[in-house]
Amino acid sequence: MIENISYEEMLSISKELQASANVIRELVKEKNLPELNDFISTVEGYSKFLETTVELYQDADAALSELISKK
């Protein structure tokens, strides 16, 4: 858990952001709006950031659990 958000919720948010970025990317292609590409990249980057944050926290949880069990 990160703050009051579970890992599953965080990953769900990340997937929703990626799906939204994909939709926007398709709309940009159809409407010829290349100026939105930076926005799309930012949304995709934040989605990836959330994924890697969850991975980092899960690894830290596992390491702490291992240390606690060795006491």
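Annotations
- Accessible surface of the chain, 1.4 Å probe, proportion on carbon and sulfur as whole %: 59
- 0 to 90° range, to nearest 10: angle between helix 7-31 axis and the chain longest Cα axis: 10
- Formal net charge of residues neighbouring Ile13 (Cβ-Cβ distance under 14 Å; K, R +1; D, E -1): -4
- Acute angle (nearest 10 degrees) that the helix 37-69 long axis makes with the longest principal axis of the chain, alpha-carbon atoms: 10
The values are calculated or read from the model by the stated rules, or taken from the named source; none is laboratory data. What you see is a predicted model, and the numbers here were worked out from it, not measured in a lab. Here Cβ is always computed from backbone atoms with ideal geometry, including for glycine, and neighbour counts include all displayed protein chains. The accessibility values were calculated without ligands, DNA or RNA, using every heavy atom of the protein model including side chains. Shrake-Rupley method; radii C 1.70, N 1.55, O 1.52, S 1.80 Å.
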